[in-house]
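Participant: This is the structure, below, for whatever I ask next.
The values are calculated or read from the model by the stated rules, or taken from the named source; none is laboratory data. This structure is a prediction, so every number in the text was calculated from the model and none was measured. Cβ atoms come from the backbone with ideal geometry, glycine included; neighbour counts cover every protein chain shown.
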Amino acid sequence: MKEKLFIYDNLDAGNKRQAEVRFGAIEAAIQIHALPVGSKDELVRELDKLVAQRMTFERVLFQAHGNTGRLWIGQDIVRDTDWGTTFAGRNYDSLFPAFTRVYFDGCLVAGGETGTKFLEGAGKTLLRKGGGVVFASVETGQGITVGAPLVGGHTVYPRDSFEYVYFKPGGIVDRSPPLARVAVTKLGW
């Protein structure tokens, strides 16, 4: 079974608390590979290790604070342009050989034109092998850090506040009619 990759900012107290309770009640039922990181360089090093270990995943969750077209890891900012520079050419697409869902759980990450570029850059870098979907919210959310059965820690966003960008294998943006993809979207991260 392919695992789920959970990357989170371990320097931010709120994200760390939320991560600690996020999957509690269901963790035994699903395989989750947690990757706590505190900088962009650490994220690169840890992803490089996963590539060297030939790990594969079917879902990815990035939990960190965000803003329009960016995500914070510690004090570092991951921008839309980093997908084509910092993260490019490192074989990260080998981590995701089949259709993969990539979710950025950070406020406003998908907001505006820069947010769309961020999602497109991530998909072109990460989803070259098997395609998939990259998504994030265009609005601010409320982080929940209380563990509750079948809920855990998560972020609550206004309904219908997400932007989705779909990819065909090769990292090609899929602009086919959205109705053909509705079932995929409803499956969650």
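Participant: Modelled with pLDDT of 95 or more and more than 25 Å from residue 138 (Cα to Cα): is that true of residue 54 in this structure?
Facilitator: yes
Participant: Scan 112, 106 and give me the residue that is exposed (fewer than 15 other Cβ atoms within 10 Å of the Cβ), modelled with pLDDT under 95 and either closer than 17 Å to residue 163 by Cβ or of a type in the set (Val, Ile, Thr) (or both).
Facilitator: 112
Participant: Tell me, please, whether a residue that is within 16 Å of residue 71 (Cα to Cα), touching a Leu at 6+ places or on another chain (Cβ under 8 Å) and modelled with pLDDT under 85 can be found in the range 140-151.
Facilitator: yes
Participant: Pick out the one residue from 48, 93, 41 that is at pLDDT 95 or above, out of contact with any Leu (no Cβ under 9 Å at 6 or more places or on another chain), assigned to a helix (DSSP H, G or I) and closer than 16 Å to residue 5 by Cα.
Facilitator: 48
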